[in-house]
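Reading through the C-alpha cells given below for one structure.
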Amino acid sequence: MSELSDLYQEVILDHNRRPRNFRPIDDASRTQEGYNPLCGDRLTLYVKLDGRSIVDLSFQGSGCAISKASASLMTEALKGKTVEQARELFDRFHDMVTSSTDVAAPDLGKLSVLSGVREYPTRVKCASLAWHTLKAAVADGTDGPVSTE
C-alpha cells in the first residue's frame, strides 16, 4: 500500500508543480471565485459552455499543493462533460473525500489520488474548493465568491 501512497503523492506534487489548464479563458461563459480562509487558497475558475456542455475549463490562483492539484485534476476530468455529468462527478468526488470509511473509487480515475485527504479533515476543504467553485459557477444565479466556511 505504501507504493500506491507514494504514487498518489507524486501525482499530486506533479499537478501542483505543473498545473493543467492554469490560465484564464477570455471568452468564458462563467467565471467564479473561490476562497478557503482556513489555509488561504484562492482561485478563479473559468468555464466555457456550449449549451450544457463544458467545452473548456481552467483556473488561476494560489494555494496549497492539494488545492492546486485538485483544481488541475478537476479541469482535466470535466472538459467535454455535460453540466449534469459534472454535478454527478462532484457528488462522487465529495463522497470519496468526506467518507469516514476507506471507500475505493476506481470509477474516479486520477481523481482517486485525492482519496487520502479524508484522513485529514482540514485538507478536505483544500481538495473540494475547486469543486464547490465549479458547482456555483454552473448554477444559475450564483453571486459572490464561494467560501469553504
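Phi angles across segment 78-94 convert, under the Karplus curve 6.51 cos²θ - 1.76 cosθ + 1.60 with θ = phi - 60°, into 3J(HN,Hα) values of 9, 4, x, 8, 7, 4, 5, 5, 5, 5, 5, 5, 4, 4, 5, 5, 4 Hz, Gly and Pro given as x. Exposure proxy for D107, D95: other Cβ atoms within 10 Å of each Cβ, ordered fewest to most, give D107, D95. Less than 5 angstrom separates the built amide H of S29 from those of V47, K48, L49, all sequence-distant by 5 or more or on a different chain.
Stretch L13-R42 to full length: gain in nm at 0.36 nm per residue minus the Cα-Cα span? Display every interim value, and only then the final one.
Details: separation 29, 0.36 × 29 = 10.44 nm, distance 1.82 nm.
Roughly 8.6 nm would be gained on extension.
Across the chain, C-alpha contacts under 8 Å between residues 6 or more apart give a mean separation that, scaled by the residue count, equals a relative contact order of 29 percent.
Once a ≥ b ≥ c are taken as the square roots of the eigenvalues of the Cα gyration tensor of the chain, is the result rounded (a/c under 1.5), prolate (a/b larger than b/c) or oblate (a/b not larger than b/c)? Cα axes put the chain in the prolate bin.
Just so you know, all these numbers are worked out from the coordinates, no wet-lab data involved. Being a predicted model, the structure only gives us computed values, none of them experimental. A quick note on method: Cβ atoms are made from the backbone with ideal geometry, for glycine too, and the neighbour counts reach across all protein chains shown.
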